[in-house]
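The values are calculated or read from the model by the stated rules, or taken from the named source; none is laboratory data. All of these numbers come straight from a predicted model, not from anything done at the bench. Positions of Cβ are backbone-derived with ideal geometry, glycine not excepted, and every protein chain shown enters the neighbour counts.
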Amino acid sequence: MGNGTSIGRVRGLGSAKHGVHHWLLQRFTAIGNLLSVLFLVVSILLLPDMSYATVVEWISRPVPAVVMILLVFSTFWHARLGLQVLVEDYVHDHANKFACIAALNLAAVGGIAFGAFCIIRLALGAHA
Amino acid sequence: MAKDGTRNRPLSPHLQIWRWGPHMFVSILHRVTGDGMAFAGLGVLLWWLGALAGGPASYETFSWAMTTPIGYLVLVGISWAFFSHMMSGLRHFVLDVGGGFELKTNKTWSVVCPILGVLATVAFWAILLLR
């Protein structure tokens, strides 16, 4: 990047060119959320009750287990993207913004790992 | 630092400058319901899954908490946030493909989406509690 001419100073600045990827992922995960959360909503309405035995029997079955794992992935990813925009809009100090995004990434990955582990544990029969 | 560039700079007109319209409301509602769910909704989701994986005793604690008045308030709030966010999100999909930008159409759907969100929430709880 040169600094002799005005075009030289501008080149390499401007947008980071990653915005479209973020925008698209927000839409892809939105579709994932729409399908998986509606599956959960309909399942809750169709289950006879929300007791431990009923819900464990439901979530241990292959299709509900897989959809619930995908739900955890999709919702946490979507939330991570949405909260990133919130941070970028309202946290202007570089160091604070970095700390917020770092905490957000840890929380999102941690949430996905915990949620998926719980479902897999139930589905593989490791419950009382 | 980022602050140096913004200090003593003129501010762009903010919320209180503009005449309020439903499209402003539905846009803010989309962010509030989305970010609200990111904290409360995903928190309750993980508690629910963790309580299931933890066994009957921990699920008992979860069920007790969620059937207290505050628990119901949280669950109704999360379900309303989901249905509202879903409706305004579907509106965003239409806007994304270039539709619904005509003034009247845009205003109509800005009013209709939050109402559909409330109606879906009422329908969900009515089916759940009255079955």
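List of remarks:
- Number of positions in the stretch A:82-100 that are within 15 Å of the chain's Cα centre (by Cα), within 17 Å of B:Leu29 (Cα to Cα) and either facing another protein chain (nearest Cβ under 8 Å) or not β-branched (Val, Ile, Thr) (or both): 3
- Filter result for A:Ser43 (without any contact (Cβ under 8 Å) to a residue 24 or more places away in the chain, in contact with a Phe, Trp or Tyr (Cβ under 9 Å, 6 or more places away or on another chain) and under 18 Å from B:Phe82 (Cβ atoms)): yes
- Within the option set B:His85, B:His23, B:His92, B:His30, being modelled with pLDDT under 95 and either in contact with a Ser or Thr (Cβ under 6 Å, 6 or more places away or on another chain) or closer than 29 Å to A:Phe39 by Cβ (or both) holds for one residue only, B:His23.
- Wholly within the stretch B:41-131, helices (runs of 4 or more DSSP H) carrying at least 2 residues that are acidic (Asp, Glu): none
- The lone criterion from (1) over 30 Å from B:Leu128 (Cα atoms); (2) surrounded by 13 or more Cβ atoms within 10 Å (Cβ to Cβ); (3) more than 18 Å from the chain's Cα centre (by Cα) left unmet by A:Leu25 is number (3).
- First in the stretch B:6-32 and under 22 Å from B:Thr108 (Cβ atoms), second anywhere and assigned to a loop (DSSP other than H, G, I, E, B), Cβ under 9 Å, 6 or more apart: B:Met24/B:Leu15; B:Met24/B:Trp18; B:Ile28/B:Leu15
- Within the stretch A:28-68, the set of residues being in contact with a helix residue (DSSP H, G or I) (Cβ under 7 Å, 6 or more places away or on another chain) and loosely packed, with under 13 Cβ neighbours inside 10 Å comprises A:Leu45, A:Pro48.
- Which listed residue, of B:Ile17, B:Ile115, is of a type in the set (A, V, I, L, M), surrounded by fewer than 15 Cβ atoms within 10 Å (Cβ to Cβ), farther than 30 Å from A:Ser51 by Cβ and modelled with pLDDT under 95: B:Ile17
- For A:Val72: the one exception among (1) touching a residue at least 12 places away in the same chain (Cβ under 8 Å); (2) more than 9 Å from chain B (Cβ to nearest Cβ); (3) within 12 Å of the chain's Cα centre (by Cα): (2)
- Test: residue in the stretch B:14-24 that is in contact with a Leu (Cβ under 9 Å, 6 or more places away or on another chain), away from chain A (no Cβ under 14 Å) and in a helix (DSSP H, G or I): yes
- Of all residues in the stretch B:49-61, one or more are among the aromatic types (Phe, Trp, Tyr), farther than 29 Å from B:Val26 by Cα and more than 23 Å from the chain's Cα centre (by Cα).
- Which listed residue, of A:Ser60, A:Ser43, A:Ser74, is among the small types (Gly, Ala, Ser) and in contact with a Ser or Thr (Cβ under 9 Å, 6 or more places away or on another chain): A:Ser74
- Subset of the stretch A:101-128 that is more than 10 Å from chain B (Cβ to nearest Cβ) and outside any helix (DSSP H, G or I) - its residue that is farthest from the chain's Cα centre (by Cα): A:Gly125
- Residue ID - nearest to the other protein chains (Cβ to nearest Cβ), chosen from residues in the stretch B:58-92 that are among the β-branched types (Val, Ile, Thr) and either buried (at least 19 other Cβ atoms within 10 Å of the Cβ) or touching a residue at least 12 places away in the same chain (Cβ under 8 Å) (or both): B:Ile78
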